[in-house]
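Notes to accompany the following structure.
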Amino acid sequence: MAVDANVVSSRMQLKLKTGVNESGKDIIRTKTYSNVKVSSENQSIYGVANQLAGLQNYPLEEIHRVDDVLLINL
């Protein structure tokens, strides 16, 4: 049985370190940017994320690309 995968939407997430809790663990907050073009290259998303991170009050920890994929049975 063959299955086809179609990316139907993408979003970019910035994980920002906003502080440290009383246990000494990092507090991480996520900023999500929706409606990223499905055809966008990872390098382009990475570059935009770094530009946006420079506008934030907190340091950037991670960049995520999240794709929503529709699986179709062929």
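Quick note: the coordinates plus some simple rules give every number you see, no bench work behind them. Source: prediction; values computed, not measured. Here the Cβ is made from the backbone with ideal geometry for all residues, glycine too, and neighbour counts use every protein chain on show.
Points to keep in mind about this one:
- Within the listed set Val36, Val48, Val20, the Gaussian network model of the chain (springs between alpha-carbon atoms below 10 Å) gives the highest mean-square fluctuation for Val20.
- Cα centroid of segment 19-35 to Cα centroid of segment 58-74, whole Å: 18 Å
- In the chain, helical runs assigned H by DSSP with n ≥ 4 each contribute -39500 (n - 2.57); averaged across all residues and rounded to the nearest 500, the mean residue ellipticity at 222 nm is -5000 deg cm²/dmol.
- Candidates Val48, Val3, Asn73 compared by Cα position along the dipole of the chain: farthest toward the positive end lies Val48, with charges placed on Cβ.
- Cβ-placed point charges (K, R +1; D, E -1), dipole of segment 3-73 about Cα centre in debye, nearest 20: 220 debye
- At 0.890 mPa s and 25 °C, Stokes D of the chain from Kirkwood alpha-carbon radius, µm² per second: 175 µm²/s
- Within the shell of other residues whose beta carbon sits under 12 angstrom from the beta carbon of Ser9, the net charge comes to +1, with Lys and Arg scored +1 and Asp and Glu -1.
- Gaussian network model of the chain, Cα within-10 Å springs - most flexible of Asn35, Asn50, Asn21: Asn21
- Taking 0.36 nm per residue of sequence separation and removing the Cα-Cα distance, the Val20/Gln51 pair yields an extension gain of 8.7 nm.
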